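Below is one structure, written out as structure tokens, with a few remarks after it.
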Amino acid sequence: MPIVVIGLSHKTAPDEVRNRHAFPAERIGQALAALRDYAAVREAAIVSTCNRLEIYADVSDFESGVEQIKDFLTTYRRMRVEDFDKYLYTMLGAEAVEQLLRVACGLDSMLVGEEQIVGQVKDALTLAQRTGSAGPHLNKLFRTALETGKRARTKTRIGSDVVSLGAAAVELAARHCALRAARAVVVGAGKMGTIVAKHLHARGVAALAVVNRTLARGQRLAAAIGVQAAPIEDLPSTLRACDLLITATGGGGHVVTAPMVAHALAHNGGRMLIVDIAVPNDVEANAGALPGVTLYQIGDLREIVDATLDDRKAEIPAVEAIVAERVAAYVRWYQSRAAAPLIATLRTKAEDIRRTELTRLFARLPELDDRQRELIAGMSVSILNRLLHAPVTKLRETAADGMDMSAADLATRLSDLAGLGEQLEAQLARALRPPELPAGDR
């Protein structure tokens, strides 16, 4: 089963490395199109979130597939070779299948059981389908992952007590400043920015403004919670009355620069707490070196996350059991597809036999009208399906129990199917043979 995943995540790579290799959403389609140019990559999908970059692929063989995906990362993403050795992980076959299912369930997230990851996996599938890079194997794999994630959240408490990076960011801020006295600015009105703004508002910050690239979207969020909105162009002036800044855009460039923060410090009392939960980072790193500035990034949320997820962690064994069951089902499905060419050949041969026998029958009974011929033809299809059911089922089961067998391997192992064509021909001939007339009527 040549399914592979190559990636890096919060478990293997520090923030700056994930920032360097993050895929902006608008470029994933182009990347998938580029991946399709590699001969060994038959299908591909990219899961890109604030905490991971993973490329899932169905390849012609493991060695060449992995080599070509790494070549893609080197050329298209300009990933350094040393990053391969230090940060990238590669998983093959059932292990790769398990990884995606664990991701969809939130088992591999910084926030165990996080809800947003299901939508991100669904977005990855949608993009791959739109670009034509997802074929039958990845379509089935991602649908299985989404179903597994849904089942894990309905059958266990892995998603209980909704927790998110946005909520964790607000909790981190609360540990370092008095929220009820804080003048807060949230940059970004997407999913994460919305969570941050709502949590800040619920905890009673003294003042709150939402800044977003698309003003209309920022205004919708601001109106929903009764605060102010501003366009991104007004961010420098908005920061003059800010001592708590939380950013969550991840747009691919620094929206908050060190000079911008320095200018704000001259007007806001000389202190600012910044929590940057975007990947890539929204805030220039050297802004944190300015006097009066405390800068936290996404990696600093681990302590908050660990302290709030004890209940979810207790559900991990139950979710892992669900994942194991669904991985086994997918592997059986994938392996059973090895029998598809042989089954198609068998059905073609059987259909040729059916047509030949019908032609012989109709030649012997020229008195049959069109309705009678139609009924007999329909009966012959039903007979053929019944005759094929047992051997086709055995082909699929034998393939599912095997290990990546080719059609030739299957044919060799299914010795009891030798001569099936002759058996079908004889059985159909008997089933369709017209009744013998009494001697006196001949």
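Derivation of every value follows stated rules applied to the coordinates shown; laboratory data play no part. On a predicted model such as this, the values are computed, not experimentally measured, just so you know. Note: ideal-geometry Cβ built from the backbone for every residue, glycine included; neighbour counts use all protein chains shown.
Packing, as the average of other Cβ atoms within 10 Å across residues, places the peptides 311-321, 237-247 in the order 237-247, 311-321, highest first. Computed from the C-alpha gyration tensor, the three semi-axes of the ellipsoid equivalent to the range 3-161 are 24, 18, 14 Å, from longest to shortest. Residue separation of TYR89 and ALA314 scaled by 0.36 nm, minus their Cα-Cα distance, works out to 78.3 nm of gained length.
Only aspartates and glutamates eight or more places from LYS140 in sequence, or on another chain, were considered; those with a Cα closer than 13 Å are GLU43, ASP58. If you plug the beta carbon distance of ARG78 and LYS11 into 1/(1 + (r/R0)^6) with R0 = 30 Å, you get a FRET efficiency near 0.80. Between PRO14, PRO366, PRO280, which gets the highest mean-square fluctuation from a Gaussian network model of the chain, Cα cutoff 10 Å? It is PRO366. Under 21 Å of direct C-alpha separation, and excluding same-chain neighbours fewer than eight residues apart, LYS191 reaches these lysines: LYS122, LYS150.
For the chain, with a Gaussian network of springs between Cα atoms less than 10 Å apart, report the residue from ARG217, ARG18, ARG347 with the top mean-square fluctuation. Top of the fluctuation ranking is ARG347. Between GLU351 and ARG180, full extension at 0.36 nm per residue minus the direct alpha carbon distance yields a gain of 53.8 nm. For the range 107-130, the residues whose amide N sits under 16 Å from a probe point set 7 Å from the Cα of ARG151 along the beta carbon direction are 107.
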